[in-house]
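Reading through the structure tokens given below for one structure.
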Amino acid sequence: MQEDEFKVTPWEVSGKVDYEKLMQQFGTQKISREILEEISDISRQKMHVMLRRNIFFSHRDLDLILKDYREGKGFFLYTGRAPSMGMHIGHLVPFLFTKWLQDIFNVNVYIEITDDEKFMRNQDYTLKQTSEWAYQNILDIIAVGFNPDKTFIFKDTEYIRNMYPLVTAIAKKLNFSQVKSTFGLDVSSNIGILFYPAIQIVPTMFENKRCLIPAAIDQDPYWRLQRDLAESLGYRKAAEIHSKFLPPLASSDGKMSSSIPESAVYLSDPPKTVEKKIMKYAFSGGQATTELQRKLGADLKVDVPYQWLYYIFEDNDDEMERITRDYSKGNMLTGEVKATLARKVNKLLEEHRERREKSKDEFSKFLYDGKLAKHMWEKIHS
């Protein structure tokens, strides 16, 4: 791979991602100042840090979502999770933002847990494993703070009976060449993976309203397929709002991976482990010596601790501006920035773990007993 090359698919992100070029390749639009001002006007509060700082940066039809909301037509939110042995900080990004959108617009949220897709894409995994991971991941998702009356979380292998009539209608609209070319599949790909996009598209049609999907931009290929066929089935094209990737600790390229423990901070990591990972593994754009750092300052474009603070962990814009200024000019050392990040990460994780314990008592509200959950389970039989 040449220095200026990168790869972005739903399953692999590598290289230094050029987001401007990626928007051109995918055919998405940059979130405009006008859209940001409209969201700010609707929310009547400070915009989410990831909108203010262009972390959620790209969209499809976000303007139509806002138009529908203004006209009283409403919309709903849909996002998801492929379960893994442990969730890390990067996995929280779309859920934190989706929760904020739910609070601002007071809308329903559907969260698909793709235990089937995780099993089919990994030869070493069993369905029992992905099902067990799903339960643990759902507790972490509930801990984000979604409204139980307006949130439905479902596992594909459990809810497939209710989805299957619509899955078959979607599958009939998709042909082999479409799916093969969209996802780069080949003759060695199992037929489950070939069929799976039909399942992931279904939740975009859970309501007769426009659907907004907050997700990292690598998931966009699924929704391009949805937009090709939705209207032929009597539904609306899904709208999207895309985030950049929170970089792994060891490099400013690519995205965090659950399979590389030193690249990620897990939601279950104790404070000492978090501090050790950040101090030891977080790639620094600072200079090799204190003297050089004082003289030249840090390269913020490659400094991972700085980027983590900028993306999510330093919400105060004045303080972020101070860190940007002082670190780039050499008035802050790498150790200071790393220590600041470790402290803020541990604070978030401590609060998250407290909420996660309470999530065990709320589990059934999101999957079976809550207002929206009951409605969805009963809908198929009405």
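Here, each number is a calculation from the coordinates, and none is a lab measurement. In this text the structure is predicted, and so the values were computed from the model without any measurement. A quick note on method: Cβ atoms are made from the backbone with ideal geometry, for glycine too, and the neighbour counts reach across all protein chains shown.
Under a straight-distance cross-link criterion of Cα-Cα below 13 Å, which aspartates and glutamates are reachable from Lys277, leaving out those fewer than 8 residues away in the same chain? Answer for Lys277, where 13 Å is the Cα cut-off: Glu262, Asp269, listed by chain and number. Quick check: the angle from helix 334-364's long axis to the longest principal axis of the chain, C-alpha only, nearest 10 degrees? Around 30 degrees separate the two axes.
Can you give the angle from 0 to 90° between the axis of helix 33-43 and the longest principal axis of the chain, with both taken from C-alpha atoms, to the nearest 10? On a 0 to 90 degree scale, this one is about 70. Summary value for the chain: 20 percent relative contact order, contacts being C-alpha pairs under 8 angstrom separated by 6+ residues.
Two decimals is fine: what's Rg over Rh for the chain, C-alpha atoms, Kirkwood radius as Rh?
We get a ratio of 0.96 for the chain.
One chain, two ends: Ser43 and Lys301. Fully extended at 0.36 nm per residue, the span grows by 89.8 nm beyond their Cα-Cα distance.
Farthest towards the positive end of the charge dipole of the chain, among the residues Thr289, Asn108, Val49, is the Cα of Asn108, using unit charges on the Cβ of Lys, Arg, Asp and Glu. Note on Arg322 and Glu20: the model spin-label points, each 7 Å out from Cα along the C-beta direction, lie 3.3 nm apart.
To make sure I understand, if each residue's beta carbon is the centre and we count other beta carbons within 10 Å, what order do Trp308, Trp377, Trp100, Trp11 fall in, fewest to most?
Numbers: Trp308 24, Trp377 16, Trp100 20, Trp11 11.
Starting with the residue having the fewest Cβ neighbours, the order is Trp11, Trp377, Trp100, Trp308.
Among Ile142, Ile260, sorting on how many other beta-carbon atoms sit within 10 Å of each Cβ, with the fewest leading, yields Ile260, Ile142. Going from the fewest other Cβ atoms within 10 Å to the most, the residues Thr79, Thr157, Thr182 appear in the order Thr157, Thr182, Thr79. Between the Cα long axis of helix 89-105 and the first principal axis of the chain there is an angle of about 60°, rounded to the nearest 10. Quick check on region 161-221: take the gyration tensor over C-alpha atoms, sort the square-rooted eigenvalues as a ≥ b ≥ c, and tell me if it's rounded (a/c under 1.5), prolate or oblate. Since a/c reaches 1.5 but b/c is at least a/b, the shape of region 161-221 is classed as oblate. Between Asp253 and Gln29, what FRET efficiency follows from the Cβ-Cβ distance if R0 is 25 Å, with the result rounded to 0.05? For R0 = 25 Å, the calculated efficiency reads 0.50.
Between Ile260 and Lys67, the modelled labels are 4.2 nm apart [label points 7 Å from Cα along Cα→Cβ].
Restricting the count to DSSP beta bridges whose residues both fall in the chain, what percent are antiparallel, rounded to a multiple of 5? Given both bridge residues lie in the chain, the antiparallel proportion sits at roughly 35 percent.
Using helices alone, what [θ] at 222 nm do you get for the chain, with -39,500 (n - 2.57) per DSSP H run of 4 or more residues, divided over all residues and rounded to the nearest 500?
Values: 17 runs with 195 residues, N = 382.
The helix contribution divided over the chain gives -15500 deg cm²/dmol.
Over the Cα atoms of region 264-346, Rg to Rh with Kirkwood Rh, two decimal places? Can you show the working numbers first?
Values: Rg = 12.3 Å, Rh = 12.8 Å.
Checking Rg against Rh, the ratio lands at 0.97.
Within 10 Å of each candidate Cβ there may be at most 15 other Cβ atoms; applying that plus a DSSP loop requirement, which trypsin sites (Lys or Arg not before Pro) in region 263-358 survive? Listed in order of number, the matching sites are Lys301. Take every Cα pair under 8 Å whose residues are at least 6 apart in sequence, average their separation, divide by the length of region 254-321, and the relative contact order is 20 percent.
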